[in-house]
């Protein structure tokens, strides 16, 4: 896929500059390896940005976070994804969507980028069936990474790498991580090689259930405690928890009252009180 030429839009706040300083590796056809690059790359680059054998896929506002670059500081991406509906996009998000100089996949057609593509789940399902002779679930997706992973499968990549993608915080840990691990299992079952980058915690657990009883138990307790702390840092999650606790408290008070009333009825209906 050739590098697309669009007008530079400073409103995208992109770092590095994808319009005037792109990597010569961008857009080369015929590759069989793809790197799905997540936001934890901010803590240190681990993806194969300099390797000519790999495609690199970026997500959402990665253009503003400074890590989608090769060792010479040049913008390195072959494809972009922003799989959120238009009403969820900020002004800066829309500026990037409209100006993105590599093919960008969206959930529907919006914005002014003539080279934007609509993410087509039905086509992905049909391509996986055609290539592997298998029908896979296309109704179970909890993150952009899982959606892109399924697309990579449908396009016949023989190696799919996940870099900077641990999904180890809050909502990610609760719903997104297990979903992406499901797709990793699907890929490995189809004979596709899955590479997990340095620091990626997917497909890990603190111990073997039962066999390493104490180690696994204590590890899970620590994970649950950390998850609770993370969830309480989110105003939405904290509010939902408050509502749940309030409903449970009200239910317990009602149960207590009902039990008290029942006991009173039993006492006053007792034969000892009505000789």
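Which of the residues spanning region 187-215 are more than 25 Å from residue 47 (Cα to Cα) and either outside any loop (DSSP other than H, G, I, E, B) or assigned by TED's automatic domain parsing to the domain that holds residue 169 (or both)? Of everything in region 187-215, those that are more than 25 Å from residue 47 (Cα to Cα) and either outside any loop (DSSP other than H, G, I, E, B) or assigned by TED's automatic domain parsing to the domain that holds residue 169 (or both) turn out to be 213, 214, 215.
Taking every residue in region 74-95 that is outside the structural domain of residue 50 (by TED's automatic domain parsing) and farther than 14 Å from residue 15 by Cα and pairing it with any residue that is modelled with pLDDT of 95 or more and surrounded by fewer than 20 Cβ atoms within 10 Å (Cβ to Cβ), at least 6 positions away or on another chain, yields no pair with a Cβ-Cβ distance below 8 Å.
Looking at residue 141, is it in a helix (DSSP H, G or I), touching a helix residue (DSSP H, G or I) at 6+ places or on another chain (Cβ under 8 Å), touching a residue at least 12 places away in the same chain (Cβ under 8 Å) and over 22 Å from residue 12 (Cβ atoms)? When the stated conditions are applied, residue 141 does not pass them.
Could we say that residue 87 is exposed (fewer than 15 other Cβ atoms within 10 Å of the Cβ), modelled with pLDDT of 95 or more, more than 17 Å from the chain's Cα centre (by Cα) and under 29 Å from residue 142 (Cβ atoms) here?
yes
Is one or more of the residues making up region 105-116 more than 20 Å from residue 14 (Cα to Cα), part of a loop (DSSP other than H, G, I, E, B), at pLDDT 95 or above and touching a helix residue (DSSP H, G or I) at 6+ places or on another chain (Cβ under 6 Å)? Yes: region 105-116 contains one or more residues that are more than 20 Å from residue 14 (Cα to Cα), part of a loop (DSSP other than H, G, I, E, B), at pLDDT 95 or above and touching a helix residue (DSSP H, G or I) at 6+ places or on another chain (Cβ under 6 Å). Within region 169-186, restricting attention to residues that are out of contact with any helix residue (DSSP H, G or I) (no Cβ under 6 Å at 6 or more places or on another chain), within 23 Å of residue 158 (Cα to Cα) and without any contact (Cβ under 8 Å) to a residue 40 or more places away in the chain, the residue that is surrounded by the fewest Cβ atoms within 10 Å (Cβ to Cβ) is 185. If you check 60, 26 for being in contact with a strand residue (DSSP E or B) (Cβ under 8 Å, 6 or more places away or on another chain) and on the phi > 0 side of the Ramachandran plot, only one passes: 60. For region 54-76, the candidate set comprises residues that are out of contact with any helix residue (DSSP H, G or I) (no Cβ under 8 Å at 6 or more places or on another chain) and under 22 Å from residue 199 (Cα atoms); within that set, the residue that is surrounded by the fewest Cβ atoms within 10 Å (Cβ to Cβ) is 71. Would you call residue 50 outside any strand (DSSP E or B) and at pLDDT below 95? No.
The values are calculated or read from the model by the stated rules, or taken from the named source; none is laboratory data. Just so it is clear, the model here is predicted, and its values are computed rather than measured. All Cβ positions, glycine included, derive from the backbone under ideal geometry; neighbour counts span all protein chains shown.
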